[in-house]
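A quick write-up on the structure given underneath.
Only the coordinates and a few stated rules stand behind these numbers; no lab work does. Note that the structure is a prediction, hence the values are computed from the model and not measured. Ideal geometry is used to build each Cβ from the backbone, glycine not excepted, and the neighbour counts take in all protein chains shown.
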Amino acid sequence: MERLAPFALNRPASLAEAVALLAADPRARPIAGGTDLVPNLRDGLGTPSVLVDLAAIAELDAIEVAADGATSIGAGVTLARLARDEALARHLPVLREAAEGIAGPAHRTVATVGGNLCLDTRCTFYNQSAWWRRANAWCLKHGGDTCHVAPQGDRCHAAFAGDLAPALIALAAEVAIAGPAGTRRVPLDALYVDDGAAHLALAQGELVAGVRIPAQPAGARSAYRKARARGAIDFPLAGVAVRLGCDGGRLAHLRVALTGTNSHPLLLAGTDALVGATVDEALLAALAKLVQKQVSPMRTTVTASNWRRSVAAVLARRLVADLAA
């Protein structure tokens, strides 16, 4: 890793001040825990003129449960706090499972909800030292004009590998985005764009301020599982979050979200057609087929694309079968 390029560091005390600093300079970047950003900067992946430290903004560091059962989580809440929150673990177990499997314990003490949601996309041609990337020709995501994964294409195929996004998407969460024009709220999956080089739908000066999870349907069950090269630290090669409910042995509702396979976290389409059916081999096979058709893993990791596609389908099958049992 290389030395960081010179930059200014600002520590705003309010969200409004942070937005103003980011809006004033197109090269400014927000930083919270920095567990993803700092290693990337040391590899020469970006040279921000200003880092806007969000750690002192109290309004980003809250977990609140409303009277109607909705839950709000600030972008500055650490993953360690999210993983050990007993109330969340009881009512939204998928969040604990996703949070406690991210990186290692030391990372989780500083890494934040907002940081994991805005995690940079990853690729074996991008997440390398500067000298390696220079020797192998710069890629489309940084410094070059060709995606080495798909040289004939016109977009970057680096994969999104955050764990919290699929869990929150499965729970139908919406994200609060603060910017110069105020705060807007959109479904969480609308935060992402299917382009590995520019995968966040954020304008200059905007940042993720938090998420809101609506009250879940009565009897809803949720869980998250992922496959990775090692049992700890590693990013997911494929991850699946499921929320479902059953009524009289039949599927009453189902949401499935995936990570690690596409340039954005993916809400699986077509699951409404499975509602009302018994959770049997035919339903699980239909679900697996939906997953295999919609995920599009490319040669961005150490494993084969077809392996990641198959693993995503198997994880979805097993999760739905286990939650419905």
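Overview of values
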quantity: Amide H contacts of residue 264 (H built 1.01 Å from N, under 5 Å, at least 5 apart or other chain); calculated: 160
quantity: Gaussian network model of the chain, springs between alpha carbon atoms under 10 Å - residue of 29, 84, 108 with greatest fluctuation; calculated: 84
quantity: Segments 95-101, 151-157 sorted - mean Cβ within 10 Å per residue, highest first; calculated: 95-101, 151-157
quantity: Gyration tensor verdict on region 2-41 (Cα atoms; rounded if a/c is under 1.5, prolate if a/b is larger than b/c, oblate otherwise); calculated: prolate
quantity: Amide H within-cut-off set for residue 148, under 5 Å, with H built and near neighbours excluded; calculated: 140
quantity: Proximal charge balance of residue 121 [Cβ under 11 Å; K/R count +1, D/E count -1]; calculated: -2
